[in-house]
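The values are calculated or read from the model by the stated rules, or taken from the named source; none is laboratory data. Because the structure is predicted, anything quoted here is derived from the model rather than measured. Positions of Cβ are generated from backbone atoms using ideal geometry, with glycine treated the same way; all protein chains shown enter the neighbour counts. The accessibility values were calculated without ligands, DNA or RNA, using every heavy atom of the protein model including side chains. Shrake-Rupley method; radii C 1.70, N 1.55, O 1.52, S 1.80 Å.
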Amino acid sequence: MKKLLIASAVSAALAAPTVALAQAARAPTLGQVLDASGISVNGYIDAGYTHADRNIETATGVSTRVFDSQNNSFALHQFGLSVSKLPKQGFGGLVNVTVGSDAQVIHSFPEGPGGSTFDVTQAYAQYSGGPLTLIAGKFATLHGTEVIWSPSNANISRSILFGAVPFTHTGVRATWALSDTISLIGGVNNGWDQLTDLNRQKTLELGATLNPIRPLNIAISAYSGKEPAPLPTSANSGTRTSINATASFNITDAISVGGEVLNVTQDVPVGGGATNSVKYNGVAGYGSFMFTSKIRGALRVENFDDKDGFHFGTPGTKYREVTATGAYLAADSFEARVEARRDQGTNAVFRQYNGALSKSLMTIALQGLYKF
């Protein structure tokens, strides 16, 4: 009996490390801990190369590009990271940061363009209860087909329309789901890309999303409020009103198309209480086709009428842009893209290296997109 007890004790002692190792192996991973807590973490790295046949780096002349500001140059456009906990019921929040050359463009006032390569793009608290969702803080605009978050776009470069609408707003927004197919949106904010308000007046936002049939998504949004008049003739604020509508339709699992319409007007004070109204408008069309499970093609065409020079500063000029992008989806986490884009103006507005002006701008771009 004594020998049996000794043998059992020895066996237990020898088994203890194995049991400890097995328990350690079953320790939860960071991902499992985050999933259990309801916290979602995801992000991407967007790096690439751009070559242009014109001087897109110059501060004079016109550039229809939002982020492609360096010619014959490699760039870390964006490192994007989003951390969120957004339950269907109760309180939550989201923080989204952007690091890289593109962050210098999307900064909100008071920092403004050309600042740090780090940007807190979104940071808001959320409350959800039944059909109502409330958010307060800094959040992305309702306008536009394309977004700052690179993996959500089919093309490398951003459209002219993307640069003609706000990037973000700071304020409050309420979304009311009338049904599974219709949601209404309303909010109040500081205005276009303003972390702190440039004036005491607020900007009103209204929107609606509709999904009448499963393949079709429609979004309509509008902003109206006092904004700084961008023309050098006045430093005062006037009412700016923008209306945007987007639609996307999945024809098949491999083919999708979309469209966007934008109209923006601005009242410019000219003295004595009088104002002049200036405006720009544009339309864009999108198409995407999956040739195979790993190869995708995307096409974008757009027209932009800057008749008063409100956006680019050259009155009476219309712009046309065509972009073709090919993508190789090497893995779920990695995508390689190549793109050719041509911009055309009705006037000579694109500056060449010798100082002369041209009516066209052509670029070739490469992109590596890693998602996690």
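Restrict the check to the range 131-144 and report whether at least one residue is in contact with a Pro (Cβ under 9 Å, 6 or more places away or on another chain) and farther than 30 Å from Glu335 by Cα. Checking the range 131-144: not a single residue is in contact with a Pro (Cβ under 9 Å, 6 or more places away or on another chain) and farther than 30 Å from Glu335 by Cα.
Screening Trp176 with (1) over 30 Å from Tyr319 (Cα atoms); (2) among the hydrophobic types (A, V, I, L, M, F, W, C); (3) crowded, with 19+ Cβ neighbours inside 10 Å gives one miss only, at (3). Counting the residues of the range 352-372 that are small (Gly, Ala, Ser) and open to solvent by 60 Å² or more (accessible area, probe 1.4 Å) gives 0.
Phe310 satisfies every condition listed in (1) of a type outside the set (Gly, Ala, Ser); (2) touching a strand residue (DSSP E or B) at 6+ places or on another chain (Cβ under 7 Å); (3) assigned to a loop (DSSP other than H, G, I, E, B); (4) open to solvent by 20 Å² or more (accessible area, probe 1.4 Å) except (4).
For residues that are touching a strand residue (DSSP E or B) at 6+ places or on another chain (Cβ under 7 Å) and open to solvent by 30 Å² or more (accessible area, probe 1.4 Å), scanning just the range 142-173, find the one that is farthest from Gln201 (Cα to Cα). Here the residue is Ala154. If you go through the range 110-122 and pick out every residue that is in a strand (DSSP E or B) and surrounded by fewer than 17 Cβ atoms within 10 Å (Cβ to Cβ), you end up with 2. For first residues located in the range 28-49 and part of a strand (DSSP E or B) and open to solvent by 60 Å² or more (accessible area, probe 1.4 Å), partners that are at pLDDT 95 or above and not charged (D, E, K, R) and lie 6+ apart or on another chain with Cβ distances below 6 Å form the pairs Val41/Val83; Ile45/Phe79; Ile45/Tyr370.
For Arg214, the criteria (1) closer than 30 Å to Tyr328 by Cα; (2) modelled with pLDDT of 95 or more hold in every case but one, which is (2). For the range 275-286, the criterion of being closer than 24 Å to Gly48 by Cβ, of a type in the set (A, V, I, L, M) and without any contact (Cβ under 8 Å) to a residue 24 or more places away in the chain is met by none of the residues.
From the list Gly38, Gly48, pick out the single residue that is touching a Pro at 6+ places or on another chain (Cβ under 9 Å), of a type outside the set (Asp, Glu) and modelled with pLDDT of 60 or more. It would help to see each step written out before you state the result.
Values: Gly48 fails: touching a Pro at 6+ places or on another chain (Cβ under 9 Å).
Result of the check over Gly38, Gly48: Gly38.
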